[in-house]
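The values are calculated or read from the model by the stated rules, or taken from the named source; none is laboratory data. For clarity, every value in this text was computed on a predicted model and none was experimentally measured. No Cβ is skipped: glycine too gets one built from the backbone with ideal geometry, and neighbour counts run over all protein chains shown.
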Amino acid sequence: MKIAFFNDCYLDLTGGIIGSTNSLKTELERLGHTVYIFSTGYPKSKCKRAELARKHIYQVPSCKLFFYGLTPISRRPKVIERWVLKHFPEIKDFDAFHIHYEAGCSIAGIRLGKKLGIPVIQTMHGREDAGETNLIPYGLRTFVAWHLNWFHSWYLPHHTKVNKDNYLADTCARKYMWELMVNHANAADVVITPSEHFRKKLKHYGVSKPIVAVPNAINGAIAPKQCMARTLRPGEPLKIVWHSRVSAEKRMMVFLQALTMVKGNYRLSVYGGGGDYFRAKRFARRHHLNAVFYNTTPFKKVYKELLKSHLDVLISYNFDTFGMTLVEAESAGVPSLICDPDLKEVVPEGSFVMSKGADAESIAKALDDLISHPERINEMSKILLKHRHEVYQSERIKETIKIYQEVKKCKNI
């Protein structure tokens, strides 16, 4: 098959969406399929663009300076549509368009699919309502959300309205972002979500198209063929790895606050950058925490450190729809600490530490309890190692290919 990915959140960025997109592309190509990726990005040399093109990765027309350092911003969808049709006439013969975000490049992918009669599959990766709330200053949230929603409705009709409620759309800003997400999903032929709990939330707010929950996966080639169960020996520091963004939505500052209350012996290694990176470093230094910050680091190196650690951390709350760091840790046999009940579906039962609350004090108590019972590390690690092959893309790709084939068949009827 020939599949085109459209993604505003790929080039020049790191994170779970990029990781899952890469593993999906790698496995599809290993099976003999052709995959093109169209993404926004920042200015690149002719040599770099040629290098990406050899991998069938293409940067669409993008704003050169706007919001540099954050997610790259595309030109208007109609500009991207014309550019793709001009430079890639073969796109008319593709079997499916797989969309991975909700901004300009992704909107262009949906519109092109409709124009060309090509099936469109939309993966809803994230909670844009929570992301907007965490990234935009308080006084601007409603203004920004309304304008994003308005811009989106220019290109994809908004037939479904979302009203404020006491569930997830509890502010005007969140309401507008849910309306954007729901109408974006309804513009596709089939919707994929990485988790069952997110599938239910989208259905609740009005997604009427078929939704299939397909968990994200990792490229099994990066994982060692054999992996030893982790063991925390008495008196040894609990080696903790943080390899998510160091940002407000991931709640790094809450975790560091929890460490100030931990009585046991620990050592924290932080691999990742983000808006709270320097603030977190200053906090750790001021409170004499046993923490080392490495900023954004190639995943191969992070994975080697995971194999030496005892515990991975993902303490986001009411934000993550899946949590790629959890399956990355699972593939290394490393237990995780979580505090969001929704994330329990991502990893096997009995293989994670769940704090009683999402506050710093509850997280500190969970860590101290684990340090006091070091045998639990080995028990959880053994459970993970029994299931680690289940998180490889080679195992989960079958469901995605089945979706491609079925939607293509329905489109041709």
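The residues in the stretch 374-388 that are within 27 Å of Thr21 (Cβ to Cβ), touching a helix residue (DSSP H, G or I) at 6+ places or on another chain (Cβ under 8 Å) and aliphatic (A, V, I, L, M) can be counted, and the count is 1.
In summary, Leu238 fulfils each of the numbered conditions (1) within 26 Å of the chain's Cα centre (by Cα); (2) at negative phi with the single exception of condition (1). Scanning the stretch 379-388 for residues that are in contact (Cβ under 8 Å) with a residue 40 or more places away in the chain and surrounded by 17 or more Cβ atoms within 10 Å (Cβ to Cβ) yields Met380, Ser381, Leu384, Leu385, Arg388.
Can you go through Ser331, Ser351, Ser355 and tell me which one is surrounded by 18 or more Cβ atoms within 10 Å (Cβ to Cβ), over 29 Å from Gln226 (Cβ atoms), among the hydroxyl-bearing types (Ser, Thr, Tyr) and under 23 Å from the mean Cα position of the chain (by Cα)?
Within the list Ser331, Ser351, Ser355, the selection yields Ser355.
A residue that is modelled with pLDDT of 90 or more and in a strand (DSSP E or B) cannot be found anywhere in the stretch 10-33. Against the list (1) surrounded by fewer than 21 Cβ atoms within 10 Å (Cβ to Cβ); (2) among the β-branched types (Val, Ile, Thr); (3) under 19 Å from Lys239 (Cβ atoms), the condition Val254 fails is (3). Being touching a helix residue (DSSP H, G or I) at 6+ places or on another chain (Cβ under 8 Å) and either closer than 20 Å to Leu314 by Cα or surrounded by 17 or more Cβ atoms within 10 Å (Cβ to Cβ) (or both) holds for only one residue in Val407, Val391, and it is Val391. Taking the stretch 272-292 as the range and being buried (at least 20 other Cβ atoms within 10 Å of the Cβ) and in a helix (DSSP H, G or I) as the test, the residues that pass are Ala280, Ala284. Put simply, of Leu337, Leu326, Leu343 the only residue that is in contact (Cβ under 8 Å) with a residue 12 or more places away in the chain, assigned to a helix (DSSP H, G or I), touching a strand residue (DSSP E or B) at 6+ places or on another chain (Cβ under 6 Å) and assigned by TED's automatic domain parsing to the domain that holds Glu249 is Leu326.
Under the condition of being surrounded by fewer than 20 Cβ atoms within 10 Å (Cβ to Cβ) and not polar (S, T, N, Q), the residues counted in the stretch 157-196 number 11.
For residues that are touching a residue at least 24 places away in the same chain (Cβ under 8 Å) and either over 22 Å from Asn219 (Cβ atoms) or in a helix (DSSP H, G or I) (or both), tally how many sit in the stretch 302-323. Give the derivation first.
So the first thing to find is which residues in the stretch 302-323 are touching a residue at least 24 places away in the same chain (Cβ under 8 Å), and the list is 302-303, 305-323.
Now restrict to residues that are either over 22 Å from Asn219 (Cβ atoms) or in a helix (DSSP H, G or I) (or both): 302-303, 305-306, 310-311, 313, 315-319.
Residues that pass the stated criteria total 12.
Within the stretch 396-413, the set of residues being farther than 11 Å from Val190 by Cβ, of a type outside the set (Lys, Arg) and at pLDDT below 90 comprises Asn412, Ile413.
Only helices (runs of 4 or more DSSP H) wholly contained in the stretch 69-140 count here; list those with 2 or more residues that are touching a Pro at 6+ places or on another chain (Cβ under 8 Å) and over 29 Å from Ile397 (Cβ atoms). Before the answer, list the steps.
On the way: elements: 77-87, 104-116, 128-135.
Correct list: 77-87.
Per the listing Pro61, Pro89, the residue uniquely out of contact with any Ser or Thr (no Cβ under 8 Å at 6 or more places or on another chain) and either at pLDDT below 90 or not hydroxyl-bearing (Ser, Thr, Tyr) (or both) is Pro89.
In the list Glu399, Glu395, Glu375, Glu390, which residue meets the criterion of being among the charged types (D, E, K, R) and more than 25 Å from Thr193 (Cα to Cα)?
Numbers: Glu399 fails: more than 25 Å from Thr193 (Cα to Cα); Glu395 fails: more than 25 Å from Thr193 (Cα to Cα); Glu390 fails: more than 25 Å from Thr193 (Cα to Cα).
Going through Glu399, Glu395, Glu375, Glu390 in turn, the sole match is Glu375.
Taking the conditions (1) part of a strand (DSSP E or B); (2) surrounded by fewer than 19 Cβ atoms within 10 Å (Cβ to Cβ) in turn, Ser269 satisfies each one other than (2).
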